[in-house]
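Shown next, in structure tokens, is the structure this report addresses.
The values are calculated or read from the model by the stated rules, or taken from the named source; none is laboratory data. All values reported here derive from a predicted model rather than from experimental measurement. Here the Cβ is made from the backbone with ideal geometry for all residues, glycine too, and neighbour counts use every protein chain on show. Quick note on the areas: whole protein, heavy atoms, side chains included, nothing else; ligands and nucleic acids left out. Shrake-Rupley method; radii C 1.70, N 1.55, O 1.52, S 1.80 Å.
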Amino acid sequence: MPADATTTRPLAAPSPAPRAPALPLRWLGVLPFFIFVALFLILPTMHIVLGAFRTTAGDFTVQNILDLNTRSIRNAYWVSIQVSFWSALLGCLIGFAMAAAVVLGGLPRVLRQPLLTFSGVASNFAGVPLAFAFIATIGPAGLITLWLRSDLGIVLQAGLWNVPDGLQALLGEQVRFPRFNILSTAGLVLTYLFFQIPLMILIITPALDGLKREWREAAQVLGASGWQYWRMVALPILFPSILGCLALLFANAFGAVATAIALTGPALNIAPILLYAQIRGDVLGNPHLGYALALGMIVITAVANTIYIVLRARSERWLK
Amino acid sequence: MAYLDIAHLEKSFGANRVVKDFSLPIDQGEFVSLLGPSGCGKTTVLRMVAGFETPSAGAIRIEGKDIVPLRPNQRNVGMVFQAYALFPNLTVAQNVGFGLKIAGVRAAEAQGRVAEMLDLIGLPMAEFGGRYPFQLSGGQQQRVALARALAPRPRVLLLDEPLSALDAKVRVRLRTEIRDIQRRLGITTIFVTHDQEEALSISDRVVVMNAGIADQVGSPFEIYNQPATPFVASFVGTLTPIDATVIDPHQGTVMSGGLTLHLGRALPVQAGTVVPIALRPEAVHLGRASGREIVLPATARAVEFMGSVIRIRAEAGGQSFLLDTFNRPDAPPPRPGEPVEISFSGRDVIVIGA
Amino acid sequence: MTRVLAWGAFLLGMLYFLLPLWGMTEFSLRMRRDAYSFDAYASVLGNPEFQRTFAFSATMALVTILMGVLIVVPTAFWVRLRMPGLRPVVEFITLLPLVIPAIVIVFGYIRLYNTGSWLPLTGTAAGTNLLLAMGYTVLALPYMYRAVDTGLRTIDVATLTEAAQSLGAGWGTILGRVILPNVLGAVLSGAFLTFAIVIGEFTMAALLDRPAFGPFMQRLGQDRAYEPSALAVIAFVITWGCMGLIGLVTRTQKHTRVRT
């Protein structure tokens with residue numbers, strides 16, 4: 001059918017009265033979508049971005065951005081980046097290992113579908129209830145915390161192991177190790193992994209499925225060992241997907257508010273919680289500093305994604 | 001002593017025996033095809049030679065040395081897969097040089113070998129070396145796959161239906177090229193296909209496989225003209241076997257449907273035995289012709305115009321005959337329902353298994 | 001060797017996932033000192049605020065699904081049919097909500113649509129509810145668009161449309177009676193996922209100050225000991241239910257495709 005067919009047919013659904021005859025009528029079909037995203041995605045975001053460069057009176061300024069450079073805000077961003085980075089990196093590694101185990105590791109095929117279904121559930125089991133689950137497990141009165149203390153003499157919060165009698169000859173009476181607290185960076189990473197790992201599994205499984213058996217066999221028959229096949233063929237092919245997952249997981253953790261708030265209350269100083277507190281009660285004393293704080297968050301996730309896009313473009317010359 | 005000797009090979013998946021007592025000695029430089037329908041075990045045999053499957057029993061020897069205990073990356077064989085087996089993240093030159101790099105060949109030397117291989121397959125280094133697989137046509141990709149398999153100078157070349165994913169025209173051209181290159185390098189080759197025309201046209205010898213067994217091993221000429229089993233007869237070429245009773249085995253006289261046929265050669269069976277016989281379509285003639293002593297009145301039932309050849313199904317005395325006749329612009333073929341005469345010679349009758 | 005490593009990775013991973021689930025379930029049953037009981041569940045389910053907020057969030061989810069379908073299906077259809085050049089742009093936009101944190105988007109809403117602005121949505125409860133529904137639609141956009149676009153890829157949009165047109169159908173009929181039924185499975189998948197996301201959403205609801213389920217759970221977490229675990233179990237079951245329904249829909253869709 002010729003492309004101009006729409007202009008010769010009466011349009012029934014989208015709009016009875018086209019007002020801009022200069023624009024081809026087919027644009028009407030996507031107009032609702034663009035109006036929607038303009039009103040509820042683009043404009044609000046732009047408002048924040050532009051607001052970060054304005055004074056209360058409406059004049060242009062970069063003072064808001066400069067004002068971000070305080071000890072507490074710097075610290076909040078830094079903790080946020082650390083939590084997001086580590087939960088993304090560990091999520092990628094563990095998720096990759098689990099997906100590879102099921103897809104390529106020779107595990108029974110019946111495990112595959114349950115794992116994917118469970119990943120769908122767990123990756124969406126985020127927010128407030130996830131925090132509850134972890135508090136009940138390794139919080140101060142959690143199941144594992146109590147079990148470790150009563151049965152093994154390990155006190156997580158204190159970083160102390162009261163070694164039982166049988167092992168004292170070997171280890172001494174007490175062993176010290178880094179303290180663990182669910183309300184800390186490590187605790188947050190541990191909790192975030194609960195939705196990061198399954199997300200990785202969900203995204204990387206199709207990519208692993210895309211590795212053709214013939215590639216492995218062709219490499220083998222040309223003399224390559226399993227490790228050489230992974231280093232020279234499989235990992236380069238998977239690299240863009242893995243990078244994409246890393247960027248997505250990073251953004252996913254960076255914007256997570258609910259889990260952190262339910263886990264620690266407003267006490268933990270990370271960027272999204274600081275912004276949350278600012279929106280609720282202007283704790284920074286300058287509404288436009290809130291804009292700058294939000295802008296910083298956008299910039300950081302945008303940088304993560306730009307790095308991903310650049311690296312991907314470099315590693316994917318061989319793709320159509 | 002055969003260069004590549006496959007002896008009493010067996011393979012079972014669970015209770016399913018997919019390869020049964022398969023033996024095949026192959027001489028150096030020989031081009032052998034494994035031909036059969038899907039599931040006949042031909043690919044399994046090839047994959048056992050490559051090392052991707054472990055035989056349940058039997059031996060595979062190259063130059064007298066059993067390679068069964070070796071892993072695929074220790075066997076030094078080359079393999080071309082059905083399709084899409086080029087590494088998509090590597091250029092054409094990197095793909096062809098992959099095996100050399102693994103083998104630790106020095107870069108300069110490897111580059112020379114890669115260029116030589118690319119010349120051999122007609123995709124010169126300067127123009128194609130830097131391309132990625134997705135920038136090549138299917139035929140070009142399979143050529144590169146061939147070059148990649150040949151670059152490390154393998155002892156044996158294994159081709160696993162390398163042409164079946166290609167267009168008909170490319171398929172015919174590429175098979176000629178493959179045979180050409182194989183002759184020039186003198187490399188021992190096993191070619192797996194389900195396409196009988198492909199197997200007959202390029203092989204020194206053809207192995208027709210059915211249900212895990214080698215039904216017949218022979219030159220294309222033998223396979224086509226002296227099929228050893230009804231399966232070979234029906235799978236290779238077109239014919240319909242019918243039963244005939246042997247009247248006189250020494251004179252070679254048989255009877256079928258009230259028709260007495262003189263085959264002109266002795267049959268190694270006793271009188272009264274029922275044997276399957278058949279006629280190739282090209283042995284049956286439309287109208288009378290000298291040297292074709294048997295003439296039958298018949299009715300044309302179906303006429304298939306295939307270009308240079310016209311295939312006619314004619315019925316005579318309740319028996320169907322397929323016959324091929326060359327197209328002649330001045331003589332249109334009979335229409336279905338028209339009475340015709342067909343003729344053939346008893347000497348052209350194929351006795352299956354004799 | 002590979003298989004041992006594979007089993008190790010798989011089992012360790014599953015241990016990590018099962019411990020918190022076990023922890024929360026065990027904890028939720030411990031409300032009575034001396035014995036396991038469902039007291040925490042009874043307390044939660046009997047809480048009128050639970051019922052109110054859950055009903056509110058469920059309604060929000062349904063509105064969001066409706067909005068999502070109305071916006072995504074015609075757009076994805078039209079882009080596939082008439083404006084394939086626009087696809088990268090639309091795809092990019094639909095992925096933005098994965099990159100821009102929800103808290104930033106809702107911050108923008110609060111400042112852009114406040115009582116003094118040109119569109120004072122936050123001035124009334126109805127307006128704020130609408131804003132929240134729009135926010136949720138934005139959050140669901142990546143999943144909804146993906147699902148529908150994938151569904152459209154499996155059918156021949158152009159031929160179906162031309163066939164319908166040649167039979168005299170208008171655009172409304174084409175979308176509602178030809179395209180939508182054919183991508184119903186994909187739409188339902190997207191809808192259940194949207195439900196799972198919206199029902200427990202916290203950030204937007206809390207900052208727009210709506211009586212939703214997410215903020216209720218968070219408040220309960222501050223005040224009570226055992227009820228939060230019971231809530232977590234309930235939330236997990238709801239999520240599992242949504243994913244199970246997606247699986248069910250996907251399977252039945254495959255069956256119909258094989259049969260026809």
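Before moving on, here are some points about what is shown:
- Whichever residue in region B:100-113 is of a type in the set (A, V, I, L, M) and within 16 Å of A:M232 (Cβ to Cβ) and, among such residues, is surrounded by the most Cβ atoms within 10 Å (Cβ to Cβ): B:L100
- Residues of region C:208-228 that are of a type in the set (A, V, I, L, M) and open to solvent by 20 Å² or more (accessible area, probe 1.4 Å): C:A225 alone.
- Count - residues of region B:253-264 that are in contact (Cβ under 8 Å) with a residue 40 or more places away in the chain and out of contact with any strand residue (DSSP E or B) (no Cβ under 6 Å at 6 or more places or on another chain): 4
- Looking at B:P230, B:P220, just one residue is in contact with a helix residue (DSSP H, G or I) (Cβ under 9 Å, 6 or more places away or on another chain) and over 30 Å from B:R113 (Cβ atoms), and that residue is B:P220.
- Within the option set B:Q141, B:Q135, being open to solvent by less than 60 Å² (accessible area, probe 1.4 Å) and within 14 Å of chain A (Cβ to nearest Cβ) holds for one residue only, B:Q141.
- Residues of region A:127-143 that are open to solvent by 10 Å² or more (accessible area, probe 1.4 Å), in a helix (DSSP H, G or I) and without any contact (Cβ under 8 Å) to a residue 12 or more places away in the chain: A:L143 alone.
- Within the set A:L235, A:L295, the sole residue that is within 12 Å of chain C (Cβ to nearest Cβ), modelled with pLDDT of 85 or more and farther than 30 Å from A:A133 by Cα turns out to be A:L295.
- Meets criteria (assigned to a loop (DSSP other than H, G, I, E, B) and in contact (Cβ under 8 Å) with a residue 60 or more places away in the chain) for B:G353: yes
- Scanning region B:302-314 for residues that are touching a Lys or Arg at 6+ places or on another chain (Cβ under 6 Å) and surrounded by fewer than 16 Cβ atoms within 10 Å (Cβ to Cβ) gives B:A302, B:E304.
- Any chance C:L139 is facing another protein chain (nearest Cβ under 7 Å), assigned to a helix (DSSP H, G or I), open to solvent by 20 Å² or more (accessible area, probe 1.4 Å) and hydrophobic (A, V, I, L, M, F, W, C): no
- The residues listed here are B:R148, B:R155, B:R175, B:R205; of these, the one that is surrounded by 16 or more Cβ atoms within 10 Å (Cβ to Cβ) and without any contact (Cβ under 8 Å) to a residue 60 or more places away in the chain is B:R175.
- Here A:G265 passes the criteria (1) within 12 Å of chain C (Cβ to nearest Cβ); (2) more than 30 Å from C:D223 (Cα to Cα) except the one numbered (2).
- The listed residue being of a type in the set (D, E) and open to solvent by less than 30 Å² (accessible area, probe 1.4 Å), out of C:E162, C:E201: C:E201
- Checking each residue in region A:278-293 for being part of a helix (DSSP H, G or I) and open to solvent by 30 Å² or more (accessible area, probe 1.4 Å) picks out A:R280, A:G281, A:P287.
Residue-wise test of (1) open to solvent by 10 Å² or more (accessible area, probe 1.4 Å); (2) assigned by TED's automatic domain parsing to the domain that holds A:A302; (3) in contact with an Asp or Glu (Cβ under 6 Å, 6 or more places away or on another chain).
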residue: A:G166; (1), (2), (3): yes, no, no
residue: A:E173; (1), (2), (3): yes, no, no
residue: A:T191; (1), (2), (3): no, yes, no
residue: A:L248; (1), (2), (3): yes, yes, no
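- Of all residues in region A:68-126 being of a type in the set (D, E, K, R) and open to solvent by 60 Å² or more (accessible area, probe 1.4 Å), the one that is nearest to the other protein chains (Cβ to nearest Cβ): A:R109
- Residue satisfying condition, being over 27 Å from the mean Cα position of the chain (by Cα), free of Cβ contacts under 8 Å to residues at least 60 places away in the same chain, open to solvent by 70 Å² or more (accessible area, probe 1.4 Å) and more than 7 Å from every other protein chain (Cβ to nearest Cβ), within set C:L12, C:L18: C:L12
- Contacts under 7 angstrom Cβ, first residue in region C:95-117 being more than 8 Å from every other protein chain (Cβ to nearest Cβ) and buried (at least 22 other Cβ atoms within 10 Å of the Cβ), partner among the acidic types (D, E) and assigned to a helix (DSSP H, G or I), 6 or more apart: none
- Residue that is among the aliphatic types (A, V, I, L, M) and in contact (Cβ under 8 Å) with a residue 60 or more places away in the chain, where the choices are B:I121, B:I67, B:I102: B:I121
- Of all residues in region B:12-27, those that are more than 30 Å from B:R183 (Cα to Cα) have Cβ atoms under 8 Å from Cβ atoms of residues that are among the hydroxyl-bearing types (S, T, Y), 6 or more apart or on another chain, in B:S12/B:S56; B:V18/B:S12; B:V18/B:T44.
- Checking A:S241, A:S225 one by one, the residue that is away from chain C (no Cβ under 14 Å), hydroxyl-bearing (S, T, Y) and either touching a Cys at 6+ places or on another chain (Cβ under 9 Å) or open to solvent by less than 50 Å² (accessible area, probe 1.4 Å) (or both) is A:S241 and no other.
- Scanning region B:114-130 for any residue that is within 23 Å of A:A234 (Cα to Cα) and surrounded by fewer than 21 Cβ atoms within 10 Å (Cβ to Cβ) turns up at least one such residue.
- Options B:N210, B:N225: the member that is surrounded by 17 or more Cβ atoms within 10 Å (Cβ to Cβ) and of a type outside the set (S, T, Y): B:N210
- Identity of the residue in region C:30-49, over 14 Å from C:R224 (Cα atoms) and within 14 Å of another protein chain (Cβ to nearest Cβ), that ends up surrounded by the fewest Cβ atoms within 10 Å (Cβ to Cβ): C:R33
- Strands (runs of 3 or more DSSP E) (entirely within region B:234-314) containing at least 1 residues that are farther than 30 Å from B:G36 by Cβ and of a type in the set (G, A, S): B:294-305
- Top-ranked residue of region C:63-81 - restricted to ones that are surrounded by fewer than 22 Cβ atoms within 10 Å (Cβ to Cβ) and free of Cβ contacts under 8 Å to residues at least 24 places away in the same chain, ranked as farthest from the other protein chains (Cβ to nearest Cβ): C:L66
- B:Q216 vs. criteria in the same structural domain as B:N16 (by TED's automatic domain parsing) and either under 30 Å from B:L9 (Cα atoms) or not hydrophobic (A, V, I, L, M, F, W, C) (or both): yes
- Pairs where the first residue, in region B:83-96, is facing another protein chain (nearest Cβ under 7 Å) and the second is in a loop (DSSP other than H, G, I, E, B) and charged (D, E, K, R), C-beta under 8 Å, 6+ apart: B:Y84/A:K212; B:A85/A:K212
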